[in-house]
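Here is the structure we will look at, set down as structure tokens.
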Amino acid sequence: MKRKLSLVLVVTMVLSLALTGCGGNQPQAPAAPAAPEEIKIGSVFPVTGAIATFGQSSLNGTQLAFEEINNAGGVLGGRKLVLINEDNQSKTEETATAFQKLITQDEVSAILGSVASSHSLAGAPIAQAAGIPMLSPTSTNPRVTEVGDFIFRACFIDPFQGQVMAKFALETLGVTTAAMLVEQDSDYSKGLAAYFKKAFEAGGGTIVAEEGYKSTDTDFSAILTRVKAANPAVVFVPAYYGTVGPILRQAQAAEIDAVFLGGDGWDSDKLFELAGDAANGGFFSNHYSPDAGTPEVEAFLAAYQAKFNAVPDALAALAYDAAYMLAQAIEEAGSVEGVAIRDALAAINFTGVSGSVTFDENRNPVKSAVIIEIRDGKQVYKATVNP
Amino acid sequence: MTITQQILQQLINGISLGSVYALMALGYTMVYGIIKLINFAHGEVFMIGAFIGFFSITKLGMDFFPAMFTAMIFCAILGILMERLAYKPLRNAHRVAALMTAVGLSMLFQNLALAHSWIGASAKGFPQVFPLQRFQLMENVNISSDRILTLAIAIFLMIALQFIVHKTIMGKAMRAVSLDKDAARLMGINVDKTISFTFALGSSLAAAAGVLFALNYGIVVYQMGLLPGLKAFVAAVLGGIGIIPGAMVGGLLLGVTESAVSAAGGSMFRDAVAFAALIIMLLVKPTGLFGKNVREKV
């Protein structure tokens, strides 16, 4: 009896597998030629989960850009852009599902996203295999665009960010010793740390301590004690605000006098809520500053504030740029076909809120970075660093 | 910083962490002692306690101590409800059934917290209720006011618990029920009430631990109960599950061990070492450090 039951189960499972397989292979593809008026663009931004504020900002920036483009008559002679966002809940595994859904179910022409490098790395192979151009506004890990020729990004990459902070520490702060706290389960954190170390040591500095932790850790007192014992002049913490906050707060309690440095993962108002006044005196590299003062920035600030009643952060700015960049590429391609958009993106010459962008042969933008200082619980523009 | 200074500082780090584990481990151990159930939802009670404390301070504007007290009362009631609704109907069922229920409750609480609009997925900063003060014990070795407070409250609660268990009628009933439930019932002890009381006591300690943890490490998040909950379970087993002083010692020992592992440069292995300790203890001396080898009752 039992054996019979399990046989039935196995048969059902095999059948259901086969059936779903078939379902995936024959969507209503042949019906497409009557070109639809609207162009569907997918996005994968986490609006819930650990980096929810990043996702929300990115979504806001994209929505604003699409609204402006559509109000100005759309692209390709009046076709409107429609945004379909899939929330990946700040999780890697959900990202793959989101990409699958956008490509097979929604049949989007291109994908904007995702935010975190580890998420984009999960989605990129799917977009590449399907021949759908993917443009991540903010994933800074070099490996993201190495996945294939359909993968682009609108931001500079980790080597540059690591180099900028190393250069800043050596030249502007004039220090020669540094410690690093590296989130071992984050590609972003490890990428920045590796390039910071390389540039800092090449410039004559010494890394006196290198400590690892996991993104789920909450007690950093033991590794901070080790950092303190090594007595560095600066501590580089390339991580997202959710872990940077408690680290800064516990470092203050542990009486570490060093200057704390970070990357664009620090860019969130939540950092001040999590770290309190412990965040003051820190510096981080970023993609854009609202204080930069160019006409593009001024126009963007005004539009964003009118729509969302908030000052846009770098994520909103980059997402806004990415959306415009994609629209320009579609316009220049004269088609919503994957290969055409890809070629147009690769050859693009674009000027946006976060500076002028051209792509190098690895589909990484060549553009400048800004250094932001945290002073009295506020972000203050410090300097612009060119590549 | 000399080696001695580092060791002392790491010892302080470890004891602060360990005192939180110890408070939680007490709840595990008491519940196990009385109904032989490992209450895996205990870590979530810790998380809920931390959030009640957090909201009492941020939304109701309470001071720290009333907020912690509110969290303890809330979780005591939650503990009683949990026992009455989920565990009591299973008291005579197979022990695995109750264990699975505990795991289920843990997931349930975590996901309810995640879905709740006030809590959600992103971490929140616990307010710095007391201005940060650091006391220099010697050069380069300091202890913050929050840590002193945590230690003081933990020690106070442990003494209070010892008093309740050994000097009150309810404590006597608890000890009697844990020795032999049926005999206790024959002697006129209200077993149901005693079990409820044990859950209330354990859960309120977890709530206090949650609030203290949040104060010390500065964050509250829906997943915060998961790892400390498992670590407290390890601590309870290390000390000898069911034995109250064992839980205290086990907690401190585990906290210090974790710090020591990080201090030796193995910060990535701290969790692994904690759970390896559990496995080794179960292999070498399953009854724990304080356990006596008693033959299983049949």
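Just a few scattered comments:
- The one condition from (1) in contact with a Phe, Trp or Tyr (Cβ under 7 Å, 6 or more places away or on another chain); (2) over 25 Å from A:THR216 (Cα atoms); (3) of a type in the set (A, V, I, L, M) that B:ALA86 does not meet is (1).
- One residue stands out among those in segment A:246-261 that are buried (at least 24 other Cβ atoms within 10 Å of the Cβ) and touching a residue at least 60 places away in the same chain (Cβ under 8 Å): the one that is nearest to the other protein chains (Cβ to nearest Cβ), which is A:ILE247.
- Qualifying residue in segment A:146-162 (condition: in a helix (DSSP H, G or I) and over 19 Å from A:ALA314 (Cβ atoms)): yes
- Near pairs, Cβ below 7 angstrom, 6+ apart or cross-chain, from segment A:297-312 (of a type in the set (Ser, Thr, Tyr)) to any residue that is in a loop (DSSP other than H, G, I, E, B): A:TYR304/A:PRO312
- From B:ALA236, B:ALA200, B:ALA276, B:ALA272, residue being crowded, with 23+ Cβ neighbours inside 10 Å and modelled with pLDDT of 90 or more: B:ALA236
- Where helices (runs of 4 or more DSSP H) sit wholly within segment B:32-142, those with at least 2 residues that are among the polar types (S, T, N, Q) and touching a residue at least 12 places away in the same chain (Cβ under 8 Å) occupy B:42-58, B:95-115.
- Residue that is surrounded by the most Cβ atoms within 10 Å (Cβ to Cβ) [pool: residues in segment B:125-145 that are within 7 Å of chain A (Cβ to nearest Cβ) and within 26 Å of B:GLU44 (Cα to Cα)]: B:GLY125
- Note on segment A:228-240: among residues that are without any contact (Cβ under 8 Å) to a residue 60 or more places away in the chain and crowded, with 23+ Cβ neighbours inside 10 Å, the one that is nearest to the other protein chains (Cβ to nearest Cβ) is A:LYS228.
- Which listed residue is aliphatic (A, V, I, L, M) and either outside any helix (DSSP H, G or I) or farther than 20 Å from A:ARG143 by Cβ (or both), from A:ALA327, A:ALA322: A:ALA327
- Looking only at segment A:252-273, residues that are in a helix (DSSP H, G or I) and farther than 24 Å from A:GLY191 by Cα come to 4 in all.
- Summed over segment A:302-313, residues that are in a helix (DSSP H, G or I), more than 20 Å from the chain's Cα centre (by Cα) and under 21 Å from A:PHE45 (Cβ atoms) total 4.
- Selection count where residues are within 30 Å of A:SER356 (Cα to Cα), charged (D, E, K, R) and modelled with pLDDT of 85 or more, scope segment A:251-303: 5
- Among the numbered conditions (1) touching a residue at least 40 places away in the same chain (Cβ under 8 Å); (2) part of a helix (DSSP H, G or I); (3) away from chain A (no Cβ under 14 Å); (4) small (Gly, Ala, Ser), the only one that B:ALA276 does not meet is (1).
- Selection status of A:ALA316, facing chain B (nearest Cβ under 8 Å) and in a helix (DSSP H, G or I): no
- Condition check for A:THR243: more than 28 Å from A:VAL144 (Cα to Cα) and either surrounded by fewer than 23 Cβ atoms within 10 Å (Cβ to Cβ) or facing chain B (nearest Cβ under 10 Å) (or both): no
- Test: A:ALA169 is out of contact with any helix residue (DSSP H, G or I) (no Cβ under 6 Å at 6 or more places or on another chain) and more than 14 Å from chain B (Cβ to nearest Cβ): yes
- Within segment A:53-80, tally of residues that are surrounded by fewer than 23 Cβ atoms within 10 Å (Cβ to Cβ) and either within 14 Å of another protein chain (Cβ to nearest Cβ) or not small (Gly, Ala, Ser) (or both): 14
- Residues of segment A:188-239 that turn out to be assigned to a helix (DSSP H, G or I) and touching a Lys or Arg at 6+ places or on another chain (Cβ under 7 Å), as a count: 1
- Filter result for the condition that a residue is under 20 Å from the mean Cα position of the chain (by Cα) and hydrophobic (A, V, I, L, M, F, W, C), over B:MET62, B:MET68: B:MET68
- Test result for A:PHE168, of a type in the set (Phe, Trp, Tyr), in contact with a Lys or Arg (Cβ under 9 Å, 6 or more places away or on another chain), assigned by TED's automatic domain parsing to the domain that holds A:HIS119 and surrounded by 19 or more Cβ atoms within 10 Å (Cβ to Cβ): no
- Within segment A:48-62, the residues that satisfy the criterion of being under 15 Å from A:ASP313 (Cα atoms) and in contact (Cβ under 8 Å) with a residue 24 or more places away in the chain are A:ILE51, A:ALA52, A:THR53, A:PHE54, A:GLY55, A:SER57, A:SER58, A:LEU59, A:ASN60, A:GLY61, A:THR62.
A quick yes/no check of all residues on (1) free of Cβ contacts under 8 Å to residues at least 24 places away in the same chain; (2) within 14 Å of another protein chain (Cβ to nearest Cβ); (3) in contact with a Gly (Cβ under 8 Å, 6 or more places away or on another chain):
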{"residue": "B:LYS172", "(1), (2), (3)": "yes, no, no"}
{"residue": "B:ALA209", "(1), (2), (3)": "no, yes, yes"}
{"residue": "B:MET224", "(1), (2), (3)": "no, yes, yes"}
{"residue": "B:VAL249", "(1), (2), (3)": "no, no, yes"}
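- Test result for A:TYR288, assigned to a loop (DSSP other than H, G, I, E, B) and either under 24 Å from A:PRO159 (Cα atoms) or within 18 Å of the chain's Cα centre (by Cα) (or both): yes
- Checked against (1) without any contact (Cβ under 8 Å) to a residue 24 or more places away in the chain; (2) within 12 Å of another protein chain (Cβ to nearest Cβ), B:THR257 passes all but condition (1).
- Candidates are the residues of segment A:304-323 that are aliphatic (A, V, I, L, M) and closer than 30 Å to A:PHE220 by Cα; the one that is modelled with the lowest pLDDT is A:ALA314.
- Flag for A:VAL175 being surrounded by fewer than 24 Cβ atoms within 10 Å (Cβ to Cβ), outside the structural domain of A:ILE348 (by TED's automatic domain parsing), of a type outside the set (Asp, Glu) and touching a residue at least 12 places away in the same chain (Cβ under 8 Å): yes
- Considering residues of segment A:207-228 that are among the charged types (D, E, K, R) and out of contact with any Phe, Trp or Tyr (no Cβ under 7 Å at 6 or more places or on another chain) only, the residue nearest to B:ASN216 (Cα to Cα): A:ASP217
- On the stretch given as segment A:181-219, residues that are within 8 Å of chain B (Cβ to nearest Cβ) and either touching a Ser or Thr at 6+ places or on another chain (Cβ under 7 Å) or at pLDDT 95 or above (or both) total 3.
The values are calculated or read from the model by the stated rules, or taken from the named source; none is laboratory data. Note that the coordinates shown come from a computational prediction; the quantities given were computed from them, not determined experimentally. Cβ sites come from the backbone with ideal geometry, for glycine too, and all protein chains shown count toward neighbours.
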